[in-house]
Amino acid sequence: MAAFMDARLPLRFGPLASVQPDEAVLLPEGDKASPPAGHAVQRFAQPIGGGGMVHSAACPCCMPRGPLATALTRLFFARARGEVPFFAGVLVADADAGTEAAIRALLRRDKLIGSRYRAAPSAAAL
């Protein structure tokens with residue numbers, strides 16, 4: 001039987017105090033919290049709405065990217081380029097229910113983000 005390895009980076013939701021040494025941190029803009037030194041940090045603007053030009057078929061190349069997708073893409077590229085300390089996962093710190101739902105929907109809807117990231121199992125599920 002072949003083993004399956006999921007190489008996508010896990011996204012975990014929790015308080016900033018629970019950040020692990022090998023995690024980056026995703027925070028909303030305006031959040032005054034500061035993660036401990038040595039962690040990659042990416043902030044994102046709260047979604048304001050759509051806009052932008054799309055083809056009538058809404059092809060993926062022209063679909064407008066929201067602030068969450070943009071922040072996760074920037075974080076992924078910074079890791080790939082070695083611009084931030086290496087990380088094996090991402091803590092979405094102090095996310096409210098709406099932000100968590102938006103990120104989970106983004107993982108399902110956006111094939112590019114879903115190919116790079118996955119929702120980590122919750123502690124209750126372990």
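The values are calculated or read from the model by the stated rules, or taken from the named source; none is laboratory data. It should be emphasised that the depicted structure is a prediction, and the values quoted were computed from it without experimental measurement. Note that each Cβ is placed from the backbone with ideal geometry, even for glycine, and that neighbours are counted across all protein chains shown.
Brief remarks on what is shown
- Qualifying residue in the range 82-93 (condition: more than 14 Å from Leu27 (Cα to Cα), of a type in the set (A, V, I, L, M, F, W, C), within 12 Å of the chain's Cα centre (by Cα) and at pLDDT 90 or above): no
- Among the candidates Arg74, Arg12, Arg65, residue that is surrounded by 14 or more Cβ atoms within 10 Å (Cβ to Cβ), within 19 Å of Tyr117 (Cβ to Cβ) and modelled with pLDDT under 85: Arg65
- Among the residues making up the range 15-42, those that are surrounded by 10 or more Cβ atoms within 10 Å (Cβ to Cβ) and of a type in the set (A, V, I, L, M) are Leu16, Ala17, Val19, Ala24, Val25, Leu26, Leu27, Ala33, Ala40, Val41.
- Taking every residue in the range 32-54 that is closer than 13 Å to Arg65 by Cβ and small (Gly, Ala, Ser) and pairing it with any residue that is surrounded by fewer than 10 Cβ atoms within 10 Å (Cβ to Cβ) and at pLDDT below 80, at least 6 positions away or on another chain, yields no pair with a Cβ-Cβ distance below 7 Å.
- Test result for Gly49, at pLDDT 85 or above, out of contact with any Lys or Arg (no Cβ under 8 Å at 6 or more places or on another chain) and over 18 Å from Ser115 (Cα atoms): no
- Inside the range 94-126, residues that are under 12 Å from the mean Cα position of the chain (by Cα), of a type in the set (Gly, Ala, Ser) and not in a helix (DSSP H, G or I) make up a count of 3.
- Options His55, His39; residue that is modelled with pLDDT of 90 or more, not in a strand (DSSP E or B) and not acidic (Asp, Glu): His39
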